[in-house]
């Protein structure tokens, strides 16, 4: 049983490694958009290779834990949650790649004013990702709930930013292509926040056995 | 063991029920966009309530199967795949809700020409959803591979439709709000196709033990 505890600890550590790679990819993808620098975007593409390997490694590790130790109750739910969270993290990595690709397409375009919202949304989203993982590894229910609360903030910022970008397009049709790319960046950030929310919901389910998933979803 | 086989069959049937609800939600959401009829969109919102209940039911059922029977090898991978597929189906349901909400926002707008692509993309996406689930329940590798191949078709259609919608905005700024909503409909359909692709990848992993996930992802 000592051995099994150690393996659960290893699963946590692998998920933390995954999460820190994904957080760094998100940060770099947004830096690339805002600073019009291709280097961080290219780094995101390199990080993605490692994220993809790690996803498979973690899945195999978790499935082997289930097969070898046939855990019950809390441990079983912890491992199943780990498998789901692994999947959410990998999707976040994909979304950071989407943002990096938009950044590369936008490099030559002049800086436009509505961009100032993007670092703001990105900072909130990154803090949600970090908190959702911290809540998972420490089983911290209050922290998981604070992630759910942040999601409303992201929705409000996204909505304000959409209106701003649409007005910007209406003022001058030359802005349309660039604004459509920026809409996509914002939407990708919003989807990252949705995945962080999923993780927080899994944590609440895992720790309290309360299924909050479809309360939270009513807000989507 | 007889009993366990029956329970695996029940898991399949629940996932098929989930999938047929989700397919019907996708169909109705697109009908609502194309026919400017609010009734199918409202029906999608009702279907979503059932989809959300069923997701929790299936998760609990699968976790109980793991806890009670502690299956090995193929059965373990089948149940884990079922949990992942359940999650993908629920996300598809959310995406159909997004489309239904766009449909309701577009009801009063005049019909514009680029919409003709949407039923085309939707038909392809719906067939991917159906095939991915059929591949799962029958363990049909060739069918799963055909889903992966279709995803490229969706990407091409999406890309053509984006260019068309952007030109449409550039021609007349009055079209911008409507075109942004239609961009969102297309993007939601593309995300549904991505989930069908995930399911097909899980089927290949489950049946052959080959992990194709990150070949497919290179195409995203």
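The values are calculated or read from the model by the stated rules, or taken from the named source; none is laboratory data. Keep in mind that this is a model prediction, so the values were computed, not measured. Positions of Cβ are backbone-derived with ideal geometry, glycine not excepted, and every protein chain shown enters the neighbour counts.
For the reader, a short list of remarks on this structure follows.
- Cross-chain or 6+ apart pairs with Cβ under 6 Å, segment B:174-185 first and more than 8 Å from chain A (Cβ to nearest Cβ) and farther than 14 Å from residue B:104 by Cα, then surrounded by fewer than 20 Cβ atoms within 10 Å (Cβ to Cβ) and at pLDDT below 90: B:175/B:168; B:179/B:168
- When segment A:4-36 is limited to residues that are without any contact (Cβ under 8 Å) to a residue 40 or more places away in the chain and more than 20 Å from residue A:135 (Cβ to Cβ), the one that is surrounded by the most Cβ atoms within 10 Å (Cβ to Cβ) turns out to be A:31.
- Scanning segment A:41-62 for residues that are crowded, with 16+ Cβ neighbours inside 10 Å, more than 18 Å from the chain's Cα centre (by Cα) and more than 19 Å from residue B:85 (Cα to Cα) yields one hit, A:61.
- Number of residues in segment A:96-109 that are surrounded by fewer than 24 Cβ atoms within 10 Å (Cβ to Cβ) and in contact (Cβ under 8 Å) with a residue 40 or more places away in the chain: the value is 9.
- Residue among B:179, B:196 that alone is crowded, with 17+ Cβ neighbours inside 10 Å and closer than 18 Å to residue B:28 by Cβ: B:196
- Residue count, segment B:70-82 (criterion: closer than 12 Å to residue A:76 by Cβ and surrounded by fewer than 19 Cβ atoms within 10 Å (Cβ to Cβ)): 1
- Residue B:65 falls short of the stated requirement of being touching a residue at least 40 places away in the same chain (Cβ under 8 Å), surrounded by fewer than 18 Cβ atoms within 10 Å (Cβ to Cβ) and part of a helix (DSSP H, G or I).
- Conditions (1) within 10 Å of chain A (Cβ to nearest Cβ); (2) assigned to a helix (DSSP H, G or I): number failed by residue B:71: (2)
Residues checked against (1) modelled with pLDDT under 95; (2) over 23 Å from residue A:201 (Cβ atoms); (3) in contact with a strand residue (DSSP E or B) (Cβ under 6 Å, 6 or more places away or on another chain):
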{"residue": "A:26", "(1), (2), (3)": "no, no, no"}
{"residue": "A:60", "(1), (2), (3)": "yes, yes, no"}
{"residue": "A:69", "(1), (2), (3)": "yes, yes, no"}
{"residue": "A:75", "(1), (2), (3)": "yes, no, no"}
{"residue": "A:99", "(1), (2), (3)": "no, yes, no"}
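- Helices (runs of 4 or more DSSP H) within segment A:140-220 that include 3 or more residues within 24 Å of residue A:88 (Cα to Cα) and modelled with pLDDT under 85: A:176-208, A:213-216
- For beta carbons closer than 6 Å, sequence separation of 6+ or different chains, a first residue in segment B:39-53 that is at the interface with chain A (Cβ under 9 Å from one of its Cβ atoms) and a second that is at pLDDT below 95, the qualifying pairs are B:52/A:214.
- Taking segment A:132-147 as the range and being buried (at least 20 other Cβ atoms within 10 Å of the Cβ) and either touching a residue at least 60 places away in the same chain (Cβ under 8 Å) or more than 17 Å from residue A:23 (Cβ to Cβ) (or both) as the test, the residues that pass are A:132, A:133, A:135, A:136, A:144.
- Test for residue A:86: is it within 12 Å of another protein chain (Cβ to nearest Cβ), crowded, with 19+ Cβ neighbours inside 10 Å and assigned to a helix (DSSP H, G or I): yes
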